[in-house]
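Each reported figure results from applying straightforward, stated rules to the coordinates on display, with no laboratory input. Quick caveat: nothing in here was measured; it's all calculated off a predicted structure. All Cβ positions, glycine included, derive from the backbone under ideal geometry; neighbour counts span all protein chains shown.
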Amino acid sequence: EAWDVKKTLLHFTDLFHGLFGFGAIFAIFVTPALLTNTFANSPTAIARILAQKGISTQILGPTISLCSTRVRGFKVMGEPIGTAMVIKMAAFLFVALPLYVASNR
């Protein structure tokens with residue numbers, strides 16, 4: 001049986017585009033969501049560290065509340081990129097992508 005070079009190259013092209021798309025989705029959604037989550041949890045981590053260093057709660061309270069109001073993280077069209085948004089996008093892609101691939105065959 002002859003080896004079909006064109007068919008093999010088409011499979012590698014599909015593999016390349018799939019891996020490139022996965023990397024792009026990871027870079028666009030997952031990384032900012034993790035960073036936004038880290039930003040959102042940073043005031044409590046800062047408060048815990050400063051309390052361990054002996055800073056009084058009278059000074060710590062206003063500082064942490066101000067820090068909490070200033071932390072925003074990444075936003076797309078005014079919506080913060082969080083874990084819930086990433087899960088919604090992943091669910092949409094896992095449903096829509098097979099439908100799209102099946103319709104183009």
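Rounded to the nearest 0.05, the FRET efficiency derived from the C-beta distance between Leu97 and Lys6 at R0 = 22 Å is 0.35. For the pair Thr44 and Leu66 in one chain, pulling the backbone fully straight at 0.36 nm per residue adds 6.7 nm over the alpha carbon distance.
Before rounding to the nearest 500, sum -39500 (n - 2.57) across all DSSP H runs of length at least 4 in the chain and divide by the residue total; then give [θ] at 222 nm in deg cm²/dmol. For the chain, the value works out to -25500 deg cm²/dmol. Cα to Cα, under 27 Å, and not fewer than 8 places away if on the same chain: which lysines meet these conditions relative to Lys6? The reachable lysines, counting only those whose Cα sits under 27 Å from Lys6, number zero. Only Lys, Arg, Asp and Glu carry charge here, each on its Cβ (+1 for the first two, -1 for the last two); on that basis the chain has a dipole of about 440 debye about its Cα centre. The label-point distance for Thr57 and Asp14, in a model that sets each label 7 Å from Cα toward Cβ, rounds to 6.2 nm. Packing-based ranking of 7-16, 35-44 yields 35-44, 7-16, ordered from highest to lowest mean Cβ neighbour count within 10 Å.
Hull volume per residue, based on the alpha-carbon atoms of the chain and their convex hull, is 137 Å³.
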